[in-house]
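What follows is calculated from the coordinates using simple rules that are stated; it is not laboratory data. Everything numeric here is computed off the predicted structure, so don't read it as measured data. Note: ideal-geometry Cβ built from the backbone for every residue, glycine included; neighbour counts use all protein chains shown.
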Amino acid sequence: MPTYVILMKLTDQGVKDIKSAPARIEAGIKAWEALGGKPIGFYSVMGEYDYVAVGEGPSDEVATTFALGLSSLGNVRTTTLRAYTAEEFAAIVKKLP
């Protein structure tokens, strides 16, 4: 399954209701699993982003569906990155002319 890194920034709404964040995080993990995803890790971080999630998912379409659904709730804005393992990257590079 492809691996995805999702970077999240809290919105004003998300910060105002920060005490509910742990329950929202759990709900998000369950939503990812319901779409066929496998969580690898979830982190609250310091810096430009507030959260970083790493997970495997069945497809780019599923990852997009998840990110749009999460953002539509209004608590976070997402940036989703498709991640490649060293082996996957080597296979891609090997195809170069």
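Is the C-alpha gyration tensor of region 15-64 telling us rounded, prolate or oblate? Criteria: a/c under 1.5 is rounded; beyond that, a/b larger than b/c is prolate, otherwise oblate. Each step should come with its number before you reach the end.
Working: a/c = 2.35, a/b = 1.60, b/c = 1.47.
Since a/c reaches 1.5 and a/b is larger than b/c, the shape of region 15-64 is classed as prolate.
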Query - Contact order relative to length of region 3-94, as percent, for alpha carbon pairs under 8 angstrom and 6 or more apart - result: 44 percent
Requested in this report: Return the sequence-ordered ³J(HN,Hα) values of region 8-19 in whole Hz as given by the Karplus equation 6.51 cos²θ - 1.76 cosθ + 1.60 applied to θ = phi - 60°, using x for Gly and Pro.
Outcome: 10, 10, 5, 8, 4, 4, x, 6, 4, 10, 4, 5
**Report entry** Long-range amide H partners of Asp50 with built H, under 5 Å
**Finding:** Met8, Lys9, Leu10
Query raised in the report: When the Karplus curve 6.51 cos²θ - 1.76 cosθ + 1.60 is applied with θ = phi - 60°, which whole-Hz ³J(HN,Hα) does each residue of region 65-71 get, with x for Gly and Pro?
Result: 4, 4, 4, 5, x, 5, 5
Query raised in the report: Which one of Ala86, Ala23, Ala34 has the biggest mean-square fluctuation once the chain is modelled by GNM with Cα springs under 10 Å?
Result: Ala86
Report task. Name the most mobile residue of Lys30, Lys38, Lys19, meaning the one with the largest mean-square fluctuation, in a Gaussian network model of the chain with Cα contacts below 10 Å. Result -> Lys19
Query raised in the report: HN-Hα J couplings of region 77-93 from phi, Karplus 6.51/-1.76/1.60, θ = phi - 60°, integer Hz, Gly and Pro as x?
Result: 10, 10, 10, 10, 10, 7, 10, 10, 5, 4, 5, 4, 4, 4, 5, 5, 4
Query - Cleavage-rule hits, trypsin sites (Lys or Arg not before Pro), region 39-96, DSSP coil, Cβ neighbours within 10 Å at most 10 - result: Lys95
